[in-house]
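First the structure, in the form of structure tokens, and then the observations on it.
Bear in mind these aren't lab numbers, they're just calculated from the coordinates by the rules spelled out. None of the values given here were measured: they were computed from a predicted structure. As a convention, Cβ positions derive from the backbone with ideal geometry for all residues, glycine included, and neighbour counts pool all protein chains shown.
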Amino acid sequence: MSEWPTGWREHALRHAEVPITQFALDILHHWEQSTPTGRYSNNPLGMPKHGYSSAGTLDGRYAAFPTMGAFYAAFKVSVHAGEGKPLFTALAVNDRHASAWRAINGLGWPANTTETDYPAHVLDQVTGAMPKGASGKPASARKSVGKPASRTGGNSSAVRQAEVLHEASIHIGDATRAINHIARGMGYGGR
């Protein structure tokens, strides 16, 4: 099950004025699967902090958007800005996984430094010859920071706190209930 909101891919494509096709939806899914960011960042595609957000995730390289709406707006900018134009073409016009992989890999976002063949899940969809210039490695030889551990997987205290704050900010409308939820979630007891 995805940790991201239902329909996030459709919303991202719609905001970026990219036709919603099964190919584009699949590319965003595989791209997200290759990206080591958690729900608290509102950043399923691993956009960099620099140029897209004033806040960063716990490691400081990835953008931490206040809402998914802010992510959608930043995604639109990234798809239509200079280095992102090949990405728009790959998602809107082409239907080849190799073109999409080259466009995403060429963005040079933070995951390029921590994930082998980023986005590897998109590269895995390429059939036939490898993309020109790709240094594709078999999945068993790849190195990855990986996805943040789930809530029950022994998260660090900081990641757990970010998840609790994120959950309170989007799901709890009453301030008193939100504060109590945060206090309980962070181990302060709450009422």
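Just check region 8-144 against the gyration tensor rule for me: Cα atoms, a ≥ b ≥ c as the square roots of the eigenvalues, rounded for a/c under 1.5, and otherwise prolate or oblate depending on whether a/b exceeds b/c. If you can, show how the numbers build up before the last one.
On the way: a/c = 1.81, a/b = 1.21, b/c = 1.50.
Verdict is oblate for region 8-144.
How large is ³J(HN,Hα), in whole Hz, for each residue of region 76-92 in order, when computed from phi with the Karplus curve 6.51 cos²θ - 1.76 cosθ + 1.60 and θ = phi - 60°, using x for Gly and Pro?
Whole-Hz 3J(HN,Hα) from phi for region 76-92: 4, 4, 5, 6, 9, 7, x, 6, x, 4, x, 5, 4, 4, 5, 7, 8.
For region 8-144, calculate the relative contact order in percent as a whole number, restricting contacts to Cα pairs under 8 Å that are 6 or more residues apart. If you can, show how the numbers build up before the last one.
Details: 184 pairs, mean separation 32.5, N = 137.
24 percent.
What is the extension gain from I179 to E17, computed as 0.36 nm multiplied by their sequence separation minus the C-alpha to C-alpha distance, in nm to one decimal? Provide the component values of the computation, followed by the final result.
On the way: separation 162, 0.36 × 162 = 58.32 nm, distance 3.83 nm.
Length gained, I179 through E17: 54.5 nm.
For region 45-122 and region 1-32, write down the distance between their C-alpha centroids in whole Å.
The distance from the Cα centre of region 45-122 to that of region 1-32 comes to 13 Å.
If you take every residue apart from I20 with its C-beta less than 12 Å away from the C-beta of I20, what net charge results, scoring Lys and Arg +1 and Asp and Glu -1?
Numbers: positive: R9, R14; negative: E10, E17, D26.
The answer is -1.
7 Å from Cα along Cα→Cβ at both D95 and T67: what's the point-to-point distance in nm?
The modelled label-to-label distance comes out at 3.5 nm.
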